[in-house]
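One structure is given below, encoded as structure tokens.
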Amino acid sequence: MPSAVERIRGGREIARPRALVWALAAAFSLLVAGVGRAAPAQVRITAAPQGGDLVISISRADGEHSSIHAFTLDNPSRLVFDLANALLPPDHPRTLEVALTSVYRVRMGQNQPNPPVVRVVVDLPEGGGPPAWETHNGEAPGETVIVVHGEGRPALALPEVTSKGDIVLLRFSGVGGLTRRTGALAEPPRLFVDLAGAEVSGELIRDFPDENGLLAQVRLGQQPEEDGKPVARLVVELRKDAAHSVFEDGADLVVAVGPEAWALPLPAYHGAERLKGRTIVVDPGHGGKDTGAQARLVAKEAGQGADCGDGMVLEKDIVLDIAKRLARALEAEGAKVVMTRSDDTYISLRERAAIANRIHADVFVSVHCNSCDRPNTLHGTSVYYDHAHSIPLARAVQAELLAALGTEDKGVRNANFAVIRRTKGPGILVETAFINHADDQRRLLNENFRERAARAIAHGIVEFLNQGGGAKEE
Ligand SMILES: [Zn+2]
């Protein structure tokens, strides 16, 4: 028997199955594999989803591979495969329903009795993108396989589960971009993520027997269809209540679970260029010989990027890290950012304000940590202004900070701190949290908290400037 490659009419060698893009194929026609002048034989056809693909298997009773002539038709959109010298047994089903988003139905019938042709029609939903397809010889004698690729709709498997500290991350590879709905349910505490257009083969369950762990079980199953689309539901069953967030990380979808929302990781920041043409001065408080507030290190999980040597936590270190993150967030929004310091140097208060005034900054923001006389008494977040024209900015930033951090509201306050008193344009001083309160210190030493604080300040500035608050006093 000649090999499959040799049997391809036209003599072009294809070692691997080939894919053809439907969009280019309005009038194409191709003989993929040939039965040559073989006598007609009965075929049996099956169709099944495999991952996101539709797999059609054609078996010829005479053990030959099918000769397939493929083309597309419009109104309604369909993909047609004519099988040469083929007979459809009278008892063969004429329709196969396939639960896929991109393909719903495969129809077949006897066409042209002499020579006999079996026509296989794949009905495609309207408005879908062009599917690619390929064909190859199957494993069984006389089996030919057509694979019609789903439109990027992935096959879902259980997510990869990793943990870092008390944060658990569940990562689905390659399913970023699926529309989703998330929610939390009680008794037992669990959260769900619905992925529209996604399919699971059966219910997948993974138990987590560690009694001390946060996760009890992760399962993935199919929900009722919505708008003609399959919906897959991920359920994460927890041993205790926890915060969660769901975000895209490149092509992946990540579900983060942990005891506190402010400690959950964040996806990469994608600014919307809402600060194009704006200049922002970011002022990390203190620096060099001026350490700012300092406190004994009391938080258990220290480290994570903020320096804390000798058992002490220094304000100048923490605020520099937050300020750098703020600068990145503002730049992602298209702003020009000038930092009064970007390392551990001392700069006078007069000079900090002068920098902003010299370049007519749209906003000046000084980043600090608070502290109080008696440790562990006060905690929370506040934003200070001096000039009345800075009040809307202070309010916008404080609102974003409280929403992002969940810290106590210490209010928008008036104070004539030198840096904001001397700044001519809108200027604020942010007290992110109290360095000498154990709870707040634990937050400040957590990089996700600092990142959240930075993004919240950036969002507040975006809010303020896009409400026309950026008018400058010259
Ligand atoms: Zn300070």
If r is the Cβ-Cβ distance from N414 to L204 and R0 is 51 Å, what FRET efficiency results, to the nearest 0.05? 0.35
Taking the Cα centre of region 195-278 as the origin and placing charges on Cβ (Lys, Arg +1; Asp, Glu -1), which of G258, P224, G197 is farthest toward the positive end of the dipole? G258
Label-point gap, in nm, between N376 and A39 - each point 7 angstrom along Cα→Cβ: 9.5
Quarter of the surface of the C-alpha convex hull for region 160-263, i.e. direction-averaged projected area in nm², equals 6.7
Take peptides 266-278, 187-199 and line them up by average Cβ neighbours within 10 Å, highest first, as a rough protection proxy. 187-199, 266-278
Given a Förster distance of 56 Å, report the FRET efficiency between E211 and L73 from their Cβ-Cβ distance, rounded to the nearest 0.05. 0.40
Projected area of region 257-375, taken from the Cα convex hull and averaged over every viewing direction, in nm²? 9.1
Unsatisfied cross-links (Cα-Cα over 24 Å) in the set K316/K410; K289/K410; K289/K324; K164/K336; K336/K424; K164/K410: K289/K410; K164/K336; K164/K410
Any idea what the dipole of region 279-465 comes to, in debye rounded to 20, about its Cα centre with Lys/Arg Cβ at +1 and Asp/Glu Cβ at -1? 400
Give me the dipole magnitude in Debye, nearest 20, for region 423-464 about the Cα centre, with unit charges on the beta carbon: positive for Lys and Arg, negative for Asp and Glu. 100
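Taken together, the values in this text are just the output of simple stated rules run on the coordinates, not laboratory data. As the structure is a prediction and not an experimental result, all values here were calculated from the model. We place every Cβ from the backbone using ideal geometry, glycine too, and count neighbours over all the protein chains shown.
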